[in-house]
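**Q** I have a structure I would like to understand better, so I am pasting it below and will then ask my questions one at a time.
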Amino acid sequence: MIRYYYIKANRGKYPIAKMVRWAKVSRSGFYAWLSRKPSPRDNSNDELLRIIKQIHEKSNKTYGAVRVVKELRKIGIKVNHKRVERIMKE
């Protein structure tokens with residue numbers, strides 16, 4: 001899926017045909033992915049990202065994933081540290 005995001009972000013710079021070959025995905029798969037609506041997990045990650053950004057800004061951009069998870073648990077959001085790390089990395 002990350003490959004699709006890369007192709008989407010760079011489709012103005014490079015031809016899609018070259019990018020799908022490079023990413024080893026099909027062109028039809030990319031276009032099918034574009035037309036799909038976001039999954040519930042994607043929606044949940046988007047909401048979690050919004051909250052993580054608020055916590056990170058509030059800490060003057062000093063909190064890493066471990067501290068962010070602690071803050072999330074304080075406000076009642078149960079989440080695994082690996083998920084928070086992945087979202088922050090992206």
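The values are calculated or read from the model by the stated rules, or taken from the named source; none is laboratory data. What you see is a predicted model; the values in this text were computed from it and never measured. We place every Cβ from the backbone using ideal geometry, glycine too, and count neighbours over all the protein chains shown. Accessible surface is based on the protein model in full, side chains and every heavy atom, while ligands, DNA and RNA are left aside. Shrake-Rupley method; radii C 1.70, N 1.55, O 1.52, S 1.80 Å.
**Q** Only loop residues by DSSP count here, and only those with at most 15 other Cβ atoms within 10 Å; note down the trypsin sites (Lys or Arg not before Pro) in the stretch 20-58 that meet that.
**A** Here the trypsin sites (Lys or Arg not before Pro) that fit, given the DSSP loop and packing criteria, are Lys24, Arg36.
**Q** So what's the net charge close to Gln54: Lys and Arg +1, Asp and Glu -1, counting the other residues with Cβ under 14 Å from its Cβ? Mind dumping the intermediate values first?
**A** Working: positive: Arg50, Lys53, Lys58, Lys61, Arg67, Lys74; negative: Asp46, Glu47, Glu57, Glu71.
Result for the local shell: +2.
**Q** Rolling a 1.4 angstrom probe over the protein heavy atoms, how many square angstrom per residue are accessible across the stretch 9-84? Please list the in-between numbers first.
**A** Numbers: 5780 Å² over 76 residues.
Computed with neighbouring chains in place, this is 76 Å² per residue.
**Q** In nm, what is the difference between 0.36 nm times the number of residues separating Ala32 and Thr62 and their Cα-Cα distance?
**A** 6.9 nm
**Q** To continue, here is another question. Here are some values of P(r) over Cα pairs in 10 Å bins from 0, in percent: [x] 18, 57, 24, 1; [y] 15, 37, 25, 20, 4; [z] 16, 51, 28, 5, 0. Which one was computed from this structure?
**A** Read-out taken from this structure: [y].
**Q** Now for a separate question. Using 0.36 nm per residue, how much length does the chain from Ala23 to Lys78 gain when fully extended, once their Cα-Cα distance is taken away?
**A** Roughly 16.4 nm would be gained on extension.
**Q** Can you show me the helix-derived [θ] at 222 nm for the chain, built from DSSP H runs with n ≥ 4 at -39,500 (n - 2.57) apiece and divided by the number of residues, rounded to the nearest 500.
**A** -21500 deg cm²/dmol
**Q** Mean-square fluctuation check for the chain, GNM, Cα pairs under 10 Å: which of Lys37, Lys13, Lys70 is largest?
**A** Highest fluctuation among the options: Lys13.
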